[in-house]
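A.B. asks: Following this message is one structure expressed as structure tokens.
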Amino acid sequence: MPGAPTMRQIEELMRCDRIVAGGFFGNDIRPLEEIVQADAATLKALKATSDQLAQRMKALRDLGLPYLGNTVAAGEGLEVRIDENRGTLICPFGDGTRHFKTITHCRRLADGRQRRWSDLNIHLIEAHGFFEGQGCAFRLEPADLVELLLLR
Ligand SMILES: [Zn+2]
């Protein structure tokens, strides 16, 4: 079976527990492409891009990383805390990339709203436009991220 995995193979892998418990789809029965397209449409309507979000998520992670486990002010009314989990996760899209299990927690001081993301989330958003399926533990709503991180 030479060559890159097909979308169907990727999707099968992502729906099972092989990489992360519960898989990447939660209870979302939509095909992978449909999930990606729906989230891209949401972003477009908000005049934001997955790349903008990924860059911001990385910047916030990098800001908190030296203070591992401690909450630090991140500007724009946000604070971040990084939790390190040992080990790496492999990208399910078959591009051979590995990502630390670092989790970034980001909280808005004004109303306590918070979101968390893993390094794999950042990669999935940046490289694949994938925010995970509905009901998945690490699903990120593009509209929530835009509001929290891009101040829209
Ligand atoms: Zn990837």
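A.B. asks: Exactly one condition in (1) among the basic types (Lys, Arg); (2) more than 13 Å from the chain's Cα centre (by Cα); (3) away from the ligand (no atom under 16 Å from the Cβ) is false for Arg56; which is it?
C.D. replies: Only one criterion is unmet by Arg56, namely (2).
A.B. asks: OK, next. Residues in region 23-33 that are assigned to a loop (DSSP other than H, G, I, E, B) and either without any contact (Cβ under 8 Å) to a residue 60 or more places away in the chain or closer than 17 Å to Thr88 by Cα (or both): how many? Even if it seems obvious, please write down each step before you answer.
C.D. replies: Initially, region 23-33 is screened for residues assigned to a loop (DSSP other than H, G, I, E, B), giving 23-31.
If we keep only those that are either without any contact (Cβ under 8 Å) to a residue 60 or more places away in the chain or closer than 17 Å to Thr88 by Cα (or both) as well, we get 23-24, 29, 31.
Going through region 23-33 one residue at a time, the tally reaches 4.
A.B. asks: Regarding region 96-108, can at least one residue be identified that is at positive phi, touching a helix residue (DSSP H, G or I) at 6+ places or on another chain (Cβ under 7 Å) and modelled with pLDDT under 95?
C.D. replies: no
A.B. asks: If we scan region 134-151, do we find a residue that is surrounded by fewer than 13 Cβ atoms within 10 Å (Cβ to Cβ), away from the ligand (no atom under 16 Å from the Cβ) and either over 15 Å from the mean Cα position of the chain (by Cα) or of a type in the set (Ser, Thr, Tyr) (or both)?
C.D. replies: yes
A.B. asks: Got a number for residues in region 80-102 being away from the ligand (no atom under 16 Å from the Cβ) and crowded, with 18+ Cβ neighbours inside 10 Å?
C.D. replies: Here the count works out to 4.
A.B. asks: List every residue pair whose Cβ atoms lie under 8 Å apart, where the two residues are 6 or more positions apart in sequence or sit on different chains, the first residue falls within region 105-128 and is under 17 Å from Ile82 (Cα atoms) and open to solvent by less than 60 Å² (accessible area, probe 1.4 Å), and the second residue, located anywhere, is among the hydroxyl-bearing types (Ser, Thr, Tyr) and more than 12 Å from the ligand (Cβ to nearest atom).
C.D. replies: Trp117/Thr104; Ser118/Thr102; Ser118/Thr104; Asp119/Thr102
A.B. asks: So Met1 clears everything in (1) farther than 16 Å from Phe131 by Cβ; (2) open to solvent by less than 60 Å² (accessible area, probe 1.4 Å); (3) at pLDDT below 90 except one condition, right? Which one?
C.D. replies: (2)
The values are calculated or read from the model by the stated rules, or taken from the named source; none is laboratory data. The shown structure was predicted, so the numbers you read here are calculated from the model rather than taken from an experiment. We place every Cβ from the backbone using ideal geometry, glycine too, and count neighbours over all the protein chains shown. The accessibility values were calculated without ligands, DNA or RNA, using every heavy atom of the protein model including side chains. Shrake-Rupley method; radii C 1.70, N 1.55, O 1.52, S 1.80 Å.
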